[in-house]
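Before any comments, here is the structure.
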Amino acid sequence: MHKILVVAKMVFKKRVLSPTYYWMILAPILLIGIGIGFTKYVDDQNSDHKAIIAVVADKNIQEALKNQKTSTYQINTKINTHNNKLKIDLADGVVDGILYIKNDFSEINYKYNASSNSSDPTNELKKNITLLKSQYMASKAGLNEKQWQNIIKDVNVQKENVNYDGNTIKLNNSESAQYFSEFAVIIAFFFLTSYISITGAEIGNEKGNHLIEGLTAAIPADKHYAGKMLGIFYLIGFQIIIYSVLGGLGYLILQKMHKKVLDLNKYLSGISAQYILIVILLTVVSLVLYVFLAAIFASFVSRVEDISQATSSVASLMLIPYFLSFLTQSNPNLAISKILSYFPYMSQGLMPVRIARGAATYSDGYISLLISIIFVMIMYLFSAKVYKNNVFSYSSENLIKAMIKRITA
């Protein structure tokens, strides 16, 4: 056991002192920060760059459009809309668009300046003018304001999950949980890609340089492999600790800032601690599974140039649950989604989405997690055996040919 720990510490120290390891940790955080910042920037730009529109229509229509709440455009009523100078104003940028509306709404035309940096108001205009048209048609039909409001009033549909028994996410909380599951899938993809690369480098590189021959003289191959895996798991644990500390600090800071920057209660109120636990555990266990799979592929490597091929082969498999998770969001009860949500290597992308959509219970999540844990033990024994059997195998053949030859031997 002492020799295993020595190897594990060597792997951990080598990686934890590398700048690339901390870049791997910071990259997802920076990506999230950039995403939030870009979204806020776009929202601010849209609010600051409302399209200035001149309306050529009846005074009542102009006034009604002006009184509506808008986010992408603003009606300029000071411009004289009954002269030829209006088109010159459009070309010169005095206004961003001219809206022509016939009194009976039979014809509506919007002319705009494409070189303007204002937001596109077309969708909002369509919605608001449709509302005015319905009011106009209602008045022609002899309906008063109250009757018209009653007609266009949104219908309140009460949703009730007949499967809800306290072991499933409530429907009114599912939206927040779904966003969390999407976020977890993306972060897991970053984690998996990084550690697959580390695993390939740790196992494939030393074999490619034939360093393993000297190492196995001091420690058996199976114990050397166990030390390598333990060192990688130290790195995973250390990264989780860093994220936990940063997440706790970020939560405290945002709580003090409250709604000035981000209202956390809006996003976290619908996510239970049990759901977060299932998502995190599934992600970590799937990460271990992919590490063992990468170790198997890397064990067949005898040339340094084949390491990237070995790791990319494993990384390509990760794309399957990544893309299926987005398909599952729209239809969580697809047969393939149901089956693969319990399947190791796939469950981390599908089960959280199915739970968030109310199609699976927390118990289903724990069952999926248990299956993956059992598979972790099987994969460790199998990967250790593959490593031991191929530790001294060297070949000038490419990775695929070498793998087929040794498996069928």
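The values are calculated or read from the model by the stated rules, or taken from the named source; none is laboratory data. Note that the structure is a prediction, hence the values are computed from the model and not measured. With ideal geometry, Cβ positions are generated from the backbone for all residues, glycine too; neighbour counts draw on all protein chains shown. Surface areas here come from the heavy atoms of the whole protein model, side chains and all, with no ligands, DNA or RNA. Shrake-Rupley method; radii C 1.70, N 1.55, O 1.52, S 1.80 Å.
Within the stretch 371-384, residues that are farther than 18 Å from residue 299 by Cβ reach partners that are open to solvent by 80 Å² or more (accessible area, probe 1.4 Å) with beta carbons closer than 8 Å, at six or more positions or on different chains, in the pairs 371/343.
Residue-by-condition table, conditions (1) modelled with pLDDT of 80 or more; (2) closer than 30 Å to residue 315 by Cα; (3) surrounded by fewer than 19 Cβ atoms within 10 Å (Cβ to Cβ); (4) out of contact with any helix residue (DSSP H, G or I) (no Cβ under 7 Å at 6 or more places or on another chain):
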| residue | (1), (2), (3), (4) |
| --- | --- |
| 145 | no, no, yes, yes |
| 155 | no, no, yes, yes |
| 160 | no, no, yes, yes |
| 163 | no, no, yes, yes |
| 172 | no, no, yes, yes |
| 191 | no, yes, no, no |
| 195 | yes, yes, no, no |
| 198 | yes, yes, no, no |
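Of the residues making up the stretch 57-109, those that are outside any loop (DSSP other than H, G, I, E, B) and over 45 Å from the mean Cα position of the chain (by Cα) are 59, 60, 85, 86, 87, 88. Within the stretch 273-292, the set of residues being at pLDDT below 85 and either acidic (Asp, Glu) or crowded, with 17+ Cβ neighbours inside 10 Å (or both) comprises just one member, 275.
Put simply, of 178, 149, 255 the only residue that is open to solvent by less than 50 Å² (accessible area, probe 1.4 Å) and either outside any loop (DSSP other than H, G, I, E, B) or at pLDDT below 75 (or both) is 178.
Taking the condition of being basic (Lys, Arg) and part of a loop (DSSP other than H, G, I, E, B), how many residues in the stretch 306-361 meet it? The total comes to 1. Here residue 126 meets the list (1) part of a helix (DSSP H, G or I); (2) exposed (fewer than 10 other Cβ atoms within 10 Å of the Cβ) almost entirely, failing just condition (2).
Picking from residues in the stretch 102-120 that are surrounded by 14 or more Cβ atoms within 10 Å (Cβ to Cβ) and in contact with an Asp or Glu (Cβ under 8 Å, 6 or more places away or on another chain), the one that is farthest from residue 85 (Cα to Cα) is 118.
Does residue 130 meet the test of being modelled with pLDDT under 85, among the hydroxyl-bearing types (Ser, Thr, Tyr) and within 17 Å of residue 57 (Cα to Cα)? Considered against the rule, which asks whether it is modelled with pLDDT under 85, among the hydroxyl-bearing types (Ser, Thr, Tyr) and within 17 Å of residue 57 (Cα to Cα), residue 130 comes out as no.
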